[in-house]
Amino acid sequence: MEHLHAAPHLASGTSALPGLRHSFASTQAAWRFYANPRVTLPKLIRPLQEEGRRGCAASTADFILLVHDWSSLNFPTHTSKIDRVQLTHQYDVGYELATALLVDAANGDPLAPMEIRLRAADGVHSTRVPAPRTKARRLDQLLPTMNAAATWGLDKPIVHVIDREADSVGHYRKWVAKGYFVLVRADAARSVRWQGRTLTLPKIVATLTRKREFRWAGEIDYKGKLAQPWIVETAVVLHKPARQRTAEGQVAVPGPPLELRLVIAQARAEDGTLLDQWLLLTNVPTAISTETIAVWYYWRWRIDSYYKLLKGSGQALEDWQQESGGAIAKRLLVASMACVVIWRLARLDQPEATALRRLLVRLSGRQMKRRRPVTAPAMLAGFQVLLAMLDVLEHYDIQELRRLVSFALSFHETGQSCVDT
């Protein structure tokens with residue numbers, strides 16, 4: 001409940017409710033909780049995984065999306081965190097967070113983080129057992145996560161959605177050999193066999209454009225402006241050897257040819273100007289339309305919104321004062337539970353849910369855009385106000401509160417009220 005709030009940077013600790021006699025008691029209780037060795041990450045992830053299973057069962061889609069991504073948690077001035085790692089350059093230090101976020105394939109609603117991994121100097125703090133090795137490369141961590149996802153009890157086939165970083169021939173072959181469905185944004189430099197020739201993806205795009213193979217697919221919101229999506233699909237074959245790093249350098253690892261679907265999605269302005277382009281490789285069955293594949297990848301940004309809600313727009317994660325990666329990871333899961341509560345409220349369609357969303361936005365005091373009257377950060381900010389109100393009303397009489405407010409808003413010397421002014 002104390003994480004159901006939007007934390008400012010100067011108040012990044014737990015937000016004690018008014019019912020506590022002293023806010024320090026809340027802080028001390030939290031410290032003990034995160035320091036308790038019996039409170040483990042595999043235990044804390046269970047409520048989130050259960051919420052993910054419920055959301056998956058309620059989805060009307062035949063598939064469920066699992067979005068994989070990494071994010072840097074920057075703590076450059078937190079010298080008390082002695083287990084920080086260097087992320088890029090010498091002044092960029094903190095922790096590396098990896099997340100597998102479950103997303104509804106029917107409408108793109110985020111459901112719950114199903115696994116997190118936090119890399120620190122003392123190892124990887126993971127909700128999955130066994131945890132990855134500290135020096136395990138990012139892509140090498142994905143197959144164990146995919147294996148674990150198969151045991152989560154989800155009642156729909158999983159499509160693993162990953163950004164361009166995962167465009168690796170060797171990993172494609174491993175994932176497909178295990179029977180997993182993947183949807184990956186390809187690198188523009190990728191070379192494939194297409195219609196009997198070996199071509200780079202940009203040359204395939206140029207050929208399909210010249211032949212007018214792209215088709216219009218309606219309208220989309222692209223960076224706040226209306227744009228026209230144009231899509232096309234073709235079959236390609238990954239036939240080249242994979243490149244594998246070794247102590248002696250990179251070596252070529254031959255493998256069987258792998259046929260995949262290449263989905264090309266473009267966002268164009270009204271005058272035809274190309275605004276953006278996504279080259280997507282997938283082994284999802286052809287029964288799933290080209291348009292659906294493009295939309296599924298578009299929903300990958302939900303994990304960026306999740307990171308934003310944890311950082312600047314909600315929980316102020318990069319200002320937390322816990323002094324170890326293990327404690328940060330535990331608190332991160334508790335904060336994620338607050339995010340899941342907000343997401344669940346956002347997707348409910350009962351009249352009570354609609355009324356509550358409006359109330360939370362009003363309590364947040366935030367000015368909303370007409371086209372987006374409700375947002376997750378606004379609901380998060382309003383929830384803490386609502387909980388505080390309920391807690392106060394349990395300890396104070398309403399008439400006494402009115403008397404105190406009236407006293408505070410009156411100028412006794414002049415008899416003039418602030419409210420009148």
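The values are calculated or read from the model by the stated rules, or taken from the named source; none is laboratory data. All figures in this text were calculated on a predicted structure; none of them were measured in a lab. Please note: Cβ atoms are built from the backbone with ideal geometry, for glycine as well, and neighbour counts cover all protein chains shown.
Check Thr88, Thr134, Thr99 and return the single one that is modelled with pLDDT of 95 or more and either surrounded by fewer than 23 Cβ atoms within 10 Å (Cβ to Cβ) or among the hydroxyl-bearing types (Ser, Thr, Tyr) (or both).
Values: Thr88 fails: modelled with pLDDT of 95 or more; Thr134 fails: modelled with pLDDT of 95 or more.
Only one candidate qualifies: Thr99.
Rundown of residues vs (1) farther than 25 Å from Glu51 by Cβ; (2) in contact with a Gly (Cβ under 8 Å, 6 or more places away or on another chain); (3) assigned by TED's automatic domain parsing to the domain that holds Gln49; (4) not in a loop (DSSP other than H, G, I, E, B), yes/no style:
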| residue | (1), (2), (3), (4) |
| --- | --- |
| Leu142 | no, no, yes, yes |
| Arg173 | yes, yes, yes, yes |
| Asp187 | yes, no, yes, no |
| Arg193 | yes, no, yes, yes |
| Val205 | yes, no, yes, yes |
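Contact list please: Cβ distance under 7 Å, first residue in the range 64-75 and under 14 Å from Ala98 (Cα atoms), second residue assigned to a strand (DSSP E or B) and acidic (Asp, Glu), pairs at least six apart or on different chains.
Listed pairs, sorted by first residue: Trp70/Glu96; Ser72/Glu96.
Which of the residues belonging to the range 356-408 are touching a residue at least 60 places away in the same chain (Cβ under 8 Å) and exposed (fewer than 14 other Cβ atoms within 10 Å of the Cβ)?
Matches in the range 356-408: Glu394, His395.
Based on what the data block shows, is Ala106 over 25 Å from Leu41 (Cβ atoms), within 18 Å of the chain's Cα centre (by Cα) and modelled with pLDDT of 95 or more?
Values: over 25 Å from Leu41 (Cβ atoms): yes; within 18 Å of the chain's Cα centre (by Cα): yes; modelled with pLDDT of 95 or more: yes.
For Ala106, the condition - over 25 Å from Leu41 (Cβ atoms), within 18 Å of the chain's Cα centre (by Cα) and modelled with pLDDT of 95 or more - is met.
Scan the range 401-421 for residues that are over 24 Å from Arg362 (Cβ atoms) and at pLDDT 85 or above and jot them down.
Within the range 401-421, Arg403, Phe407 meet the criteria.
Here is a list: Ala57, Ala30, Ala105, Ala35. Which entry is in contact with a Leu (Cβ under 8 Å, 6 or more places away or on another chain) and on the phi < 0 side of the Ramachandran plot? Lay out the reasoning, then the answer.
Numbers: Ala57 fails: in contact with a Leu (Cβ under 8 Å, 6 or more places away or on another chain); Ala30 fails: in contact with a Leu (Cβ under 8 Å, 6 or more places away or on another chain); Ala35 fails: in contact with a Leu (Cβ under 8 Å, 6 or more places away or on another chain).
When all the criteria are applied, what remains is Ala105.
Can you name every one of the strands (runs of 3 or more DSSP E) wholly within the range 247-347 that holds 1 or more residues which are at pLDDT below 95, assigned by TED's automatic domain parsing to the domain that holds Met114 and surrounded by fewer than 17 Cβ atoms within 10 Å (Cβ to Cβ)? Talk me through it step by step, then tell me what you get.
Numbers: elements: 249-253, 258-268, 274-282.
Output list reads 249-253, 274-282.
Mind checking which residues of the range 157-189 are modelled with pLDDT under 95, under 16 Å from Ala265 (Cα atoms) and either surrounded by 21 or more Cβ atoms within 10 Å (Cβ to Cβ) or touching a Pro at 6+ places or on another chain (Cβ under 6 Å) (or both)?
Hit for the range 157-189 is Ala188, nothing else.
If you take the residues of the range 207-239 that are among the aromatic types (Phe, Trp, Tyr) and assigned to a strand (DSSP E or B), which of them is nearest to the chain's Cα centre (by Cα)? If you could, list the steps in order and put the result at the bottom.
First pass over the range 207-239, keeping only residues among the aromatic types (Phe, Trp, Tyr): 214, 216, 222, 230.
Filter once more, so that each one left must be assigned to a strand (DSSP E or B): 216, 222, 230.
Details: Trp216: 29, Tyr222: 19, Trp230: 26 Å.
The qualifying residue nearest to the chain's Cα centre (by Cα) is Tyr222.
Counting just the residues of the range 37-53 that are out of contact with any helix residue (DSSP H, G or I) (no Cβ under 9 Å at 6 or more places or on another chain) and over 23 Å from Leu65 (Cα atoms), which one comes out surrounded by the most Cβ atoms within 10 Å (Cβ to Cβ)?
Applying the first criterion (out of contact with any helix residue (DSSP H, G or I) (no Cβ under 9 Å at 6 or more places or on another chain)) to the range 37-53 yields 37-38, 42-43, 46, 49-50, 53.
With the extra rule that they be over 23 Å from Leu65 (Cα atoms), the set shrinks to 37-38, 43.
Values: Pro37: 6, Arg38: 5, Lys43: 12.
Ranking the qualifying residues of the range 37-53, first place goes to Lys43.
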